[in-house]
Amino acid sequence: MFFEPKSKKCKIYENRPLGCRLYPIIYDDEKGVSVDPYCPLAHTVTSEELEKASKVISQIIEKLFP
């Protein structure tokens, strides 16, 4: 919705939601925190980035489902 096809850029990049900031790290009900296998840059995610995002996602889940 916020993708500008002509410029190929996000219209709200500086104010994008947390899910966009974490991508391609995602939460999957079956796998937990993982990397989206459909993202062409999935292979660039480091274990440190995945661990950091896991902590953030865990905190969010704990707040939503205490």
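What is the spin-label model distance, in nm, from residue 27 to residue 10 if the labels are put 7 Å beyond Cα along the C-beta direction?
The two pseudo-label positions are separated by 1.8 nm.
Under 28 Å Cα to Cα from residue 63, which lysines show up? Leave out anything in the same chain fewer than 8 places away.
31, 52, 55
Identify the residues of the stretch 1-39 with backbone N under 16 Å of a label point that sits 7 angstrom from the Cα of residue 47 along the Cα-to-Cβ direction, or state none.
34-35
Viscosity 1.567 mPa s, temperature 4 °C: Stokes-Einstein D of the chain from its Kirkwood Cα radius, in µm² per second? Display every interim value, and only then the final one.
Values: Rh = 13.3 Å.
In µm²/s, the coefficient rounds to 98.
What is the fewest-to-most order of 50, 41 by other Cβ atoms lying within 10 Å of their Cβ?
The fewest-first ordering by Cβ neighbours comes to 41, 50.
What angle, in degrees between 0 and 90 and rounded to the nearest 10, separates the Cα long axis of helix 47-64 from the longest principal axis of the Cα atoms of the chain?
70
With an 8 Å cut-off on Cα pairs and a minimum separation of 6 or more residues, tell me the relative contact order of the stretch 17-64 in percent.
29
Rounded to the nearest 500 deg cm²/dmol, what is the calculated helix-only ellipticity per residue at 222 nm for the chain, with -39500 (n - 2.57) per DSSP H run of length n ≥ 4?
It comes out at -10500 deg cm²/dmol, rounded to the nearest 500.
Straight-line reach only, C-alpha to C-alpha below 18 angstrom: list the lysines that residue 8 could link to, leaving out same-chain residues fewer than 8 apart.
Candidates past the 8-residue exclusion: nothing left.
Taken together, the values in this text are just the output of simple stated rules run on the coordinates, not laboratory data. This is a predicted model, so every value here is computed, not measured. Neighbour counts run over all protein chains shown; Cβ positions are idealised from the backbone, glycine included.
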